[in-house]
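Trainee: Provided herewith is a single structure, encoded as C-alpha cells, for subsequent inquiry.
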Amino acid sequence: MEPEEAGTSSPRTPSSQFAWRNLSKTLILAYQSFGVVYGDLSTSPLYVYTSTFVGKLQRHHDEETIFGVFSLIFWSLTLIPLIKYVLILLSADDNGEGGTFALYSLLCRHGRFSLLPNQQAADEELSAYKYGPASLAGSSALKRFLEKHKKLRTALLLVVLFGACMVIGDGVLTPAISVLSSVSGLQVTEKKLTGGEVVLLACIILVGLFALQHWGTHKVAFLFAPIVIIWLISIFSVGVYNTVRWNPKILKALSPYYVIKFFRQNGKDGWISLGGILLCTTGTEAMFADLGHFTALSIRLAFGFVVYPCLVVQYMGQAAFLSRNPESILTSFYDSIPDPVFWPVFVIATLAAIVGSQAVITATFSIIKQCHSLGCFPRVKVVHTSKHIYGQIYIPEINWILMVLCLAITIGFQDTTWIGNAYGVACITVMFVTTWLTTLVIIFAWQRSIFLAVAFLFFFGAIEGVYLSASVMKVAQGGWVPIALSFIFMVVMYVWHYGTRMKYNFDLHNKVSLKWLLGLGPSLGIVRVPGIGLIYSELATGVPAIFSHFVTNLPAFHKVLVFVCVKSVPVPYVSPEERYLIGRICPRPYRMYRCIVRYGYKDIQRDNGDFEDQLIQSIAEFIQMEAEDAQFSSSETSSLDGRMAVISTKSAQSSLSLIAAEQEDIDFASTIVSSRSPTLQSLRSLYEDENPQLRRRVRFTLPQHPAMDPAVREELMDLIQAKEAGVAYIMGHSYVKARRSSNFLKKMVIDIGYSFLRKNCRGPSVALNIPHISLIEVGMIYYV
C-alpha cells in the first residue's frame with residue numbers, strides 16, 4: 001500500500017503546493033484583517049450592556065431579563081454579522097471591492113442607473129465589466145421602469161449618499177464612544193477618577209489619535225493585528241471565567257425562547273432596549289467595506305472561527321456576572337474582570353479602542369474620496385501616506401473636522417449611553433441601506449428571482465426595521481447627532497453635485513459646432529505655433545464652448561491640440577493598460593485629438609510626472625493604428641468626433657511608432673547637481689520632490705521605417721516637434737452664476753452655496769496635478 005500511495009500522490013504534488021500557497025496566503029490575510037476590520041466590532045462589549053439597561057429597564061435586574069438580553073445579543077450577532085454579511089453579502093463584491101459604492105457600481109453597470117454625465121463614452125471597452133446572463137422577464141421590466149424615471153435614479157443616488165453620510169457619522173462617533181468607554185475603567189479602580197477627569201483623558205487620547213493621522217496607518221499597522229488578537233483572547237478568557245464562576249445556566253439563553261420571554265415580560269421597555277442591544281453589531285459594515293484589502297474567505301475564517309466565538313463567550317460571561325451582581329450594570333465590563341488581570345485588560349482595551357477608531361477614520365477618508373469620484377463632494381487635498389500600500393490616504397481638512405466634532409460630542413455628552421444612542425442610529429441606518437441595495441443587486445446583477453430578493457428584503461429588512469424603530473425612539477437622547485451630521489453633509493453633497501451638473505449641462509448645450517471649426521480651416525483662422533495645448537474639459541464628446549472663447553481672444557494657438565477629459569467610471573479600479581481613450585477631432589491636418597483619462601471610484605491620481613509622455617506615446621500609437629486600420633480610419637474621418645480607441649500604455653511604450661530616450665533636463669535642479677554642497681544637495685532633493693515633472697526629460701524620435709506612410713510620418717514628426725517645443729495646460733477659470741430669471745432657491749444654491757464651496761475647495765488644476773508653471777487659465781462666466 002505504501003508504494004501505491006507514494007506513486008499516486010506524486011502527480012498531485014504541484015497542485016498540493018498550489019493549494020498550500022493559497023491556504024497560507026488566506027491565513028495571512030485573515031491575520032491581517034484583525035487589525036483593520038474587527039477593531040470596532042471587537043470593542044463593543046465595553047458598552048453594550050450599559051447602553052441596554054437604561055430607562056425603565058434599569059428596574060428589571062432579575063435573572064430572566066438578563067438572560068433575555070444575552071439571547072437577543074446572541075441572535076443579533078448570528079443573524080446580521082454571521083448570516084447576512086459573512087455568508088451572503090461578502091459574495092456581492094465589485095471585482096473584489098465591497099461597501100455601499102461597490103453595490104451602487106454593480107447596479108450602474110447592469111442598468112443605466114448612473115447620473116454621471118457621458119458615462120457611456122468613458123466606459124468603452126473596460127475589461128473590469130463583468131455582466132451576468134440575460135435578465136429575467138420580471139427584472140427586465142423593473143429595470144426599464146427604473147431607467148425610464150430619472151427621479152427614481154436620483155433617489156437611488158441619494159440613498160447611497162445618505163448611507164455614505166452615516167458612515168462619515170461613524171467616523172465621528174466611533175472614536176468618541178470607544179475611547180471614552182475604554183478609559184471609563186479608571187472609575188472602578190481604588191483611586192477613582194471623576195467623570196470630568198475621565199473625559200479630559202479621553203480628549204487627550206483623541207487629539208493624539210487625530211494628530212498622528214498624517215503619518216498613515218502603515219507605520220504602526222504591524223501592531224494592530226496582535227493588539228486585537230490579544231484583546232479577543234483576553235475577553236474570551238474573561239468570558240469563560242465569569243460563565244463558570246458566576247452562572248453556568250446562562251448557556252440556556254442561547255435558545256430563542258428567552259427572546260420571546262423577554263419581550264413578553266418587558267413589552268415596550270424591552271423594545272426600546274433594542275437601541276442598546278444593536279450596538280453589539282457596530283463595526284459589522286467594515287467586514288464588507290474593507291473587502292478590497294482582503295478576500296472573502298479570509299474575512300469569513302477570521303470572523304467565523306475567532307471573532308464570533310470570542311464575542312459570544314464574552315457577552316455570555318458578562319450576562320452570567322450581571323445575573324449575580326445586578327448592581328454593576330453601569331460598569332459591567334470592568335467590574336466583571338478579575339482583579340489580578342484588571343490593569344493588563346484595561347491597557348489592551350484602550351489600545352483596541354484606538355485601533356478600532358483608527359480603522360474607522362481611515363474608512364471615512366476613503367468614503368470622502370469615493371463621494372468626490374461620483375462628483376458629489378468638493379475637491380479636497382488627498383495625501384498618500386504609503387508608497388507601498390495602495391489606497392492609504394489622508395485628508396487634512398476632513399481629519400480636523402472629524403477631530404473637532406468628536407471632541408464636541410465627547411465633551412458635550414460625557415456619557416457613553418447618549419453617544420451609544422447616536423452611534424446605534426448611524427450603524428443601523430447604514431445596514432438598512434445596504435439591505436435595500438443588496439436586494440437590487442440580487443435582481444439586476446445576480447439575475448435571481450424577484451421573489452428571492454423580496455424574501456431577503458423582508459427577512460433582514462424586518463429585523464433591521466425593528467432595531468431602527470427602537471433607535472428612532474432615542475433621537476431626543478443623542479440619536480439626533482448622526483441625523484444632523486448626515487443632513488449637513490447631504491446639503492454639501494447636493495449643492496456641489498447640483499452646481500457641477502448645471503455647469504456641465506451648460507457646456508453640453510453650448511458645444512462648438514464642428515461645421516464652424518471646419519469652416520475655419522486647419523489654421524483655425526489664427527497662427528498655429530509649435531507646441532502642444534492640453535485643453536481640459538468635462539465633455540467626453542464635442543468641443544466645449546470655452547474653446548471658441550480661446551480662439552476668438554488669443555492671437556495664436558498651439559499646433560497640436562488635445563482635449564483632455566478626466567472621468568470616473570463605475571468600477572473600483574481601472575488598469576493602467578485601459579486608462580486612456582484616444583480619438584480624433586476634425587480631419588488629420590487639424591492636428592486635434594481627444595483623450596479621455598479614466599479612473600475608478602477607488603483609484604488615486606498620483607503625480608508621477610509621466611502623464612505627458614504616456615499621452616504622447618498613446619497618441620502616436622493611435623495615429624499608427626488608425627493608418628493600419630483602413631475601416632477605422634474611414635469611419636473616424638467621416639464622423640469627425642466619433643469612435644475612440646483604448647490605447648494600452650504598455651503597448652504604446654513598446655510600440656515602434658516612437659522611440660523614447662531619457663535625458664537629464666536642463667533646469668534649476670541640474671544646476672544644483674554640479675555642486676557638492678550638502679545644503680544645495682538637500683535643496684535639489686526638495687526641489688525634485690516639489691517638481692516631479694522636472695526630474696527627467698524624455699525625448700522622442702521616429703524609427704527608420706521606409707514603408708511608413710508619408711502622411712503618418714509627417715503627423716508623427718509634428719507631434720514630436722510639438723512635444724519638444726513644450727506642453728501647455730489650458731483650463732477655464734469659470735464663475736458659475738444663476739440667471740436673473742432663476743427662482744430664489746436656485747440663486748441661493750448657486751450664487752451662495754456652490755460659490756462658497758468652489759472658493760474654499762482645492763482648485764481643479766491642483767486636484768489634477770497640473771504643473772503651475774505650465775498652466776494657462778482663461779476666465780469665463782457660466783449663467784446657468
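The values are calculated or read from the model by the stated rules, or taken from the named source; none is laboratory data. None of the values given here were measured: they were computed from a predicted structure. Glycine gets a Cβ as well: all are built from the backbone with ideal geometry, and neighbour counts include every protein chain shown. The protein model used for the area step is the full one, side chains on, heavy atoms only, and it has no ligands, DNA or RNA in it. Shrake-Rupley method; radii C 1.70, N 1.55, O 1.52, S 1.80 Å.
Trainee: Of the numbered conditions (1) of a type in the set (S, T, Y); (2) open to solvent by 70 Å² or more (accessible area, probe 1.4 Å); (3) at pLDDT below 85, S765 satisfies every one except a single condition; which is it?
Mentor: Condition not satisfied by S765: (2).
Trainee: Which condition breaks for F459 when tested against (1) buried (at least 17 other Cβ atoms within 10 Å of the Cβ); (2) within 25 Å of L79 (Cβ to Cβ)?
Mentor: For F459, the exception is condition (1).
Trainee: Please verify whether the stretch 712-720 includes one or more residues that are open to solvent by 60 Å² or more (accessible area, probe 1.4 Å) and of a type in the set (A, V, I, L, M).
Mentor: Start the filter on the stretch 712-720 by keeping residues that are open to solvent by 60 Å² or more (accessible area, probe 1.4 Å), which leaves 713-714, 717.
Next, from what is left, pick out any that are of a type in the set (A, V, I, L, M): 717.
Yes - at least one qualifying residue is present in the stretch 712-720.
Trainee: How many residues does the stretch 454-497 hold that are of a type in the set (D, E, K, R) and not in a helix (DSSP H, G or I)?
Mentor: 1
Trainee: Report the residue count in the stretch 97-108 for those that are in contact with a Leu (Cβ under 6 Å, 6 or more places away or on another chain) and not in a helix (DSSP H, G or I).
Mentor: 1
Trainee: Are any residues in the stretch 542-582 in contact with a Cys (Cβ under 8 Å, 6 or more places away or on another chain), over 25 Å from G96 (Cα atoms) and in contact (Cβ under 8 Å) with a residue 60 or more places away in the chain, and if so, which ones?
Mentor: C565, I582
Trainee: Which one is most open to solvent (accessible area, probe 1.4 Å) among residues in the stretch 511-526 that are modelled with pLDDT under 85 and not aliphatic (A, V, I, L, M)?
Mentor: Within the stretch 511-526, the match that is most open to solvent (accessible area, probe 1.4 Å) is K515.
Trainee: Taking the condition of being farther than 16 Å from V491 by Cβ and part of a helix (DSSP H, G or I), how many residues in the stretch 717-746 meet it? Spell out how you get there, then give the answer.
Mentor: Going through the stretch 717-746, the residues farther than 16 Å from V491 by Cβ turn out to be 717-744.
Of the ones still in play, those that are also part of a helix (DSSP H, G or I) are 717-725, 744.
Summing the residues that are farther than 16 Å from V491 by Cβ and part of a helix (DSSP H, G or I) in the stretch 717-746 gives 10.
Trainee: In the stretch 35-57, how many residues are in a helix (DSSP H, G or I) and more than 27 Å from Q414 (Cβ to Cβ)?
Mentor: Number of matching residues: 2.
Trainee: Within the stretch 412-453, work out how many residues are charged (D, E, K, R) and either in contact with an Asp or Glu (Cβ under 7 Å, 6 or more places away or on another chain) or part of a helix (DSSP H, G or I) (or both).
Mentor: Of the residues in that region, 0 qualify.
Trainee: What helices (runs of 4 or more DSSP H) completely inside the stretch 294-411 contain at least 1 residues that are in contact with a strand residue (DSSP E or B) (Cβ under 6 Å, 6 or more places away or on another chain) and at pLDDT below 85?
Mentor: 342-373
Trainee: Identify all residues within the stretch 571-586 that are small (G, A, S) and either in a strand (DSSP E or B) or more than 28 Å from the chain's Cα centre (by Cα) (or both); write none if there are none.
Mentor: G583
Trainee: Let me ask something else. Just name the residue that is surrounded by the most Cβ atoms within 10 Å (Cβ to Cβ) out of those in the stretch 20-57 that are touching a Ser or Thr at 6+ places or on another chain (Cβ under 7 Å) and under 12 Å from A302 (Cα atoms).
Mentor: S33
Trainee: Within the stretch 660-671, identify whether any single residue is modelled with pLDDT under 75, assigned to a helix (DSSP H, G or I) and open to solvent by less than 60 Å² (accessible area, probe 1.4 Å), and answer yes or no.
Mentor: Looking through the stretch 660-671, at least one residue is modelled with pLDDT under 75, assigned to a helix (DSSP H, G or I) and open to solvent by less than 60 Å² (accessible area, probe 1.4 Å).
Trainee: OK, next. Return yes when G55 is in contact with a Lys or Arg (Cβ under 7 Å, 6 or more places away or on another chain) and under 15 Å from W271 (Cα atoms) and no when it is not.
Mentor: no
Trainee: While we're here: It is to be established whether one or more residues within the stretch 223-233 are modelled with pLDDT under 90 and surrounded by fewer than 20 Cβ atoms within 10 Å (Cβ to Cβ). Explain how you work it out, then say what you get.
Mentor: Our first condition is that a residue be modelled with pLDDT under 90; within the stretch 223-233, this holds for 223-225.
Those still in the list that are surrounded by fewer than 20 Cβ atoms within 10 Å (Cβ to Cβ) too: 223.
The answer is yes, given that some residue of the stretch 223-233 is modelled with pLDDT under 90 and surrounded by fewer than 20 Cβ atoms within 10 Å (Cβ to Cβ).
Trainee: While we're on this one: Among the residues of the stretch 49-68, which ones are in contact with a Phe, Trp or Tyr (Cβ under 7 Å, 6 or more places away or on another chain) and not polar (S, T, N, Q)? Can you show your working first?
Mentor: Going through the stretch 49-68, the residues in contact with a Phe, Trp or Tyr (Cβ under 7 Å, 6 or more places away or on another chain) turn out to be 65, 67-68.
Those that are in contact with a Phe, Trp or Tyr (Cβ under 7 Å, 6 or more places away or on another chain) and not polar (S, T, N, Q): F67, G68.
Trainee: In this structure, does W246 turn out to be touching a Lys or Arg at 6+ places or on another chain (Cβ under 6 Å) and either closer than 19 Å to R324 by Cα or open to solvent by 60 Å² or more (accessible area, probe 1.4 Å) (or both)?
Mentor: Spelling it out, W246 is indeed touching a Lys or Arg at 6+ places or on another chain (Cβ under 6 Å) and either closer than 19 Å to R324 by Cα or open to solvent by 60 Å² or more (accessible area, probe 1.4 Å) (or both).
Yes/no matrix, rows are residues, columns are (1) closer than 30 Å to L106 by Cα; (2) modelled with pLDDT under 85:
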position: T500; (1), (2): yes, no
position: F557; (1), (2): no, yes
position: E578; (1), (2): yes, yes
position: G600; (1), (2): yes, yes
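Trainee: Of the residues that make up the stretch 278-289, is at least one farther than 30 Å from D94 by Cβ and touching a residue at least 60 places away in the same chain (Cβ under 8 Å)?
Mentor: No.
Trainee: Quick check on V380: is it closer than 30 Å to L156 by Cα and open to solvent by 20 Å² or more (accessible area, probe 1.4 Å)? Full working, then the answer.
Mentor: On the way: closer than 30 Å to L156 by Cα: yes; open to solvent by 20 Å² or more (accessible area, probe 1.4 Å): yes.
Considered against the rule, which asks whether it is closer than 30 Å to L156 by Cα and open to solvent by 20 Å² or more (accessible area, probe 1.4 Å), V380 comes out as yes.
Trainee: I need a count of the residues in the stretch 583-618 that are of a type in the set (V, I, T), over 17 Å from P544 (Cα atoms) and crowded, with 22+ Cβ neighbours inside 10 Å.
Mentor: Residues flagged as of a type in the set (V, I, T), over 17 Å from P544 (Cα atoms) and crowded, with 22+ Cβ neighbours inside 10 Å within the stretch 583-618 amount to 1.
Trainee: I would also like to ask the following. Could you please find all residues in the stretch 249-281 being open to solvent by less than 30 Å² (accessible area, probe 1.4 Å) and among the aliphatic types (A, V, I, L, M)?
Mentor: Selection gives I250, A253, V259, L274, I277, L278, L279.
Trainee: So, one more: Out of all the residues in the stretch 282-300, which are open to solvent by less than 10 Å² (accessible area, probe 1.4 Å) and farther than 18 Å from I361 by Cα?
Mentor: S298, I299
Trainee: Looking only at the stretch 58-96, count every residue that is open to solvent by 10 Å² or more (accessible area, probe 1.4 Å), closer than 26 Å to F162 by Cβ and not in a helix (DSSP H, G or I) and tell me the total.
Mentor: So the count comes out to 3.
Trainee: L152 versus (1) modelled with pLDDT of 80 or more; (2) under 30 Å from D415 (Cα atoms): which is the lone unmet condition?
Mentor: So L152 meets the others, but not (2).
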